[in-house]
Amino acid sequence: MTTTAEHPYWPRSLPLPGYVAAKLPGWQCAGLVGAAAAALLAVGWLLGGARGGASRSHAHRLALGWFLMCAGIHGVLEGFFSLRHRDLPRATGLLADVWKEYAKADSRYMTSDDFTVAMETVTAWAWGPLSFLTFLALLRHHPARYILQLLVSLGQLYGDVLYFATEALAGWSHSDPRPLYFWGYFVGLNGVWVLVPCALLADSCRHLAAAQRAHDRPHHKSH
């Protein structure tokens, strides 16, 4: 007869040998991540107002905050998971506790699920640095800013669609069915990375199309 360590994850029969419970309560983990994300969003907004703010709309200042926030979340949180996923059930500390709280919504994070590890590794080491590069490009009005915005947003959207699709094919079996975890964490948090990238993709396409129309317009030489 085999026994498994007590844990809060679904399915309830999930084996997690050596599991160590989080020390921080869930509300503290969520609050700390939310506060850090809000701080990065605010810094991006403020920097957008300080550097050429008069020519920027509120939406574009929010985009600055968004990409700075994404750089932090992808680089720190998902970077930690990419490096420590194998020993996460036994790991301790703030970032481990944050992931143990989120894993109540998706226990694949506790089992080194192949797709989840691959997706988060790409997110951490590709979309993280590129999000910061996009933030800098938007801040400095670099000519490639909308190309970068399109590239990062498409990558985020593609990863999130696959993330939802793989769990749907598994019968939504890895999430605690209580509303906080399924609708709040799993659907709500990840849904943000569907809605915002869609809006930023549309914004990128609009600006790139306008630039292409201007480039294609006949230029009359003066004699």
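The values are calculated or read from the model by the stated rules, or taken from the named source; none is laboratory data. What you see is a predicted model; the values in this text were computed from it and never measured. Because the Cβ atoms are built from the backbone with ideal geometry, glycine has one as well, and the counts that use them run over all protein chains shown. Note: accessible area is taken over every heavy atom of the protein model, side chains too, but ligands, DNA and RNA are not part of it. Shrake-Rupley method; radii C 1.70, N 1.55, O 1.52, S 1.80 Å.
Would you mind getting me the FRET efficiency between Gln28 and Glu6? Use the beta-carbon distance for r and R0 = 22 Å, nearest 0.05.
Once the sixth-power term is evaluated, E becomes 0.55.
Tell me the carbon and sulfur percent of the accessible area for the chain, rounded to whole percent, probe radius 1.4 Å.
C and S fraction of accessible area: 69 percent.
Which order, highest average first, do 110-123, 162-175 follow once you tally other Cβ atoms within 10 Å for each residue and take the mean per peptide?
110-123, 162-175
Going toward the positive end of the dipole of the chain, with +1 on Lys and Arg Cβ and -1 on Asp and Glu Cβ, which of Ser131, His58, Pro11 do you reach last?
Positive-end residue among those listed: His58.
Roughly how many Å is it from the Cα centre of region 53-130 to that of region 150-174, as a whole number?
The two parts, judged by their Cα centres, are 14 Å apart.
Between Leu154 and Arg213, how high is the FRET efficiency from 1/(1 + (r/R0)^6) when r is the Cβ-Cβ distance and R₀ = 35 Å? Nearest 0.05.
Efficiency computed from Cβ-Cβ geometry: 0.95.
Summing +1 for each Lys or Arg and -1 for each Asp or Glu, what net charge is found among the other residues whose Cβ lies under 13 Å from the Cβ of Val33?
-2
With the other protein chains left in place, how much accessible area per residue, in square angstrom, belongs to the chain at a 1.4 angstrom probe?
About 54 Å² of surface per residue is accessible.
Using the Cβ atoms and a cut-off under 12 Å, what net charge is assigned to the surroundings of Asp106, where Lys and Arg are +1 and Asp and Glu are -1?
-2
Would you mind calculating the relative contact order of the chain from Cα pairs under 8 angstrom and at least 6 residues apart, reporting the percent as a whole number?
22 percent
Which helices pass in the chain if a helix is a full DSSP H run, must span at least 18 angstrom along its long axis by Cα, and must have mean Kyte-Doolittle hydropathy not below 1.0?
Counting only whole DSSP H runs, the qualifying helices are 26-50.
Counting helices only, and only those DSSP H runs with n ≥ 4, report the 222 nm mean residue ellipticity of the chain as the sum of -39,500 (n - 2.57) divided by its residues, in deg cm²/dmol to the nearest 500.
-19000 deg cm²/dmol
Given R₀ = 41 Å, FRET efficiency for Ser13-Ala42 by Cβ-Cβ distance, to 0.05?
Computed FRET efficiency for Ser13 and Ala42: 0.40.
With Cβ to Cβ distances under 12 Å as the rule, what net charge do the other residues near Ala211 carry (K, R +1; D, E -1)?
Residues close to Ala211 contribute a combined charge of +3.
Which value, in debye to the nearest 20, describes the size of the charge dipole of the chain about its Cα centre when Lys and Arg Cβ atoms bear +1, Asp and Glu Cβ atoms bear -1, and nothing else is charged?
Dipole magnitude for the chain comes out near 880 debye.
Tell me, in nm to one decimal, what length is gained between Val76 and Val161 on full extension, where the rule is 0.36 nm per residue of separation less the Cα-Cα distance?
28.4 nm
P(r) for the chain, please, calculated from all Cα pair distances in 5 Å bins and given in %.
1, 7, 12, 17, 17, 14, 10, 8, 5, 3, 2, 1, 1, 1, 0, 0, 0, 0, 0
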